[in-house]
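First the structure, in the form of structure tokens, and then the observations on it.
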Amino acid sequence: MSEQQLAQFARTHAWRIPFDTSPRHLAGPGDARHVTHGLAAAGWKRASDPLSPEIVLISPDHRYRLDFVPESGPFAWWRLWAGSTDTEPGWTASFGELVPAEILGSFTDALVAPASNEQIGPLDVVDAAGWLLDARGAASSPDGACRIEQCSGSLVSWAIEVHGSDRGRHGPRLWHAAFDDRTPVHLVNAFVTTLADPAPLQRGMHDRTAHHSAVQNPSPLRPEQIVEVHTARLKTIRAQARAARRQNDKPTTAPAATTAARPAARR
């Protein structure tokens, strides 16, 4: 990504008065560049018409594709596709319109970072954060608006839904996230870890929230600090991407006197 794009992000946020907004699942979509800038820093390229509101980003190895299709009604506005390889299956994940960009960004950040072999699952993550677990393999946020459910007998492995609530009544769905049964668990964990974090997200004074019950208070953070955090994150992603490329570019050499000295096997 270019310095001009970073400068535009800084200008956008320079005039905004940040408000701490919680809970996170009701904070609203925020700035989509929390997602797209992170992927661009990792070397992803735009494959869609620059003049179109739709965005298609492709990873350097062409295995991954992120589609952003606005105005797609109650369906997924964001969809990530992973192609299969010789050792790993393909998978998809989808996210609704009002998913906070910072939470989706944690998912895509984990995608471009070195993979971890985690032994815990998403329910362990939210349990540690104080969410309420039931016996059916589901967890609810303390306010009851967000629900994470492990699905069985379905192509969807984990489903997350956020609903509004008015006067104690369960309202319509605000946004959703769905991960198919082949999505690496460390990626789902990254998403729910950021989702369950009790710290507020920052939104501008007139930014859209997902629901009127979201609580907003003036933030102690200055706009410059928000830009600094964003820039530092992009530097980290660039460094990870460079390290991964160097690792992949290393030549693989066979141990000495292996195949060369061994006669061909007889059939």
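The values are calculated or read from the model by the stated rules, or taken from the named source; none is laboratory data. Computed from a prediction, not measured in an experiment: that's the story for all the values here. Cβ sites come from the backbone with ideal geometry, for glycine too, and all protein chains shown count toward neighbours. Side chains included, ligands, DNA and RNA excluded: accessible areas come from the protein's heavy atoms. Shrake-Rupley method; radii C 1.70, N 1.55, O 1.52, S 1.80 Å.
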State, as an integer percentage, the relative contact order of region 137-237 based on alpha-carbon contacts under 8 Å between residues 6 or more apart. 15 percent
Å² of accessible area per residue within the chain, as computed with a 1.4 Å probe and no ligands counted: 57 Å²
With contacts defined as alpha carbon pairs under 8 Å and 6 or more residues apart, what's the relative contact order of the chain in percent? 28 percent
Taking the alpha-carbon centre of each part, the distance from region 48-96 to region 27-45 in Å is 13 Å
Radius 13 Å from Cβ of TRP175, net charge of other residues (Lys, Arg +1; Asp, Glu -1): +2
Highest mean first, what order results for 35-44, 191-200, 2-11 on Cβ atoms within 10 Å? 35-44, 191-200, 2-11
For region 41-137, average projected area of the Cα convex hull in nm²: 8.6 nm²
Using helices alone, I'd like the mean residue ellipticity at 222 nm for the chain: each DSSP H run of four-plus residues gives -39500 (n - 2.57), total over residue count, nearest 500. -9500 deg cm²/dmol
Ordering ILE58, ILE237 by the accessible surface of their heavy atoms, 1.4 Å probe, largest first, yields ILE58, ILE237
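In debye, nearest 20, what is the charge dipole magnitude of region 116-183 about its Cα centre with +1 on Lys and Arg Cβ and -1 on Asp and Glu Cβ, if you could check?
The calculation lands at about 300 debye.
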Net dipole in debye of the chain [+1 Lys, Arg Cβ; -1 Asp, Glu Cβ; about Cα centre; nearest 20]: 900 debye
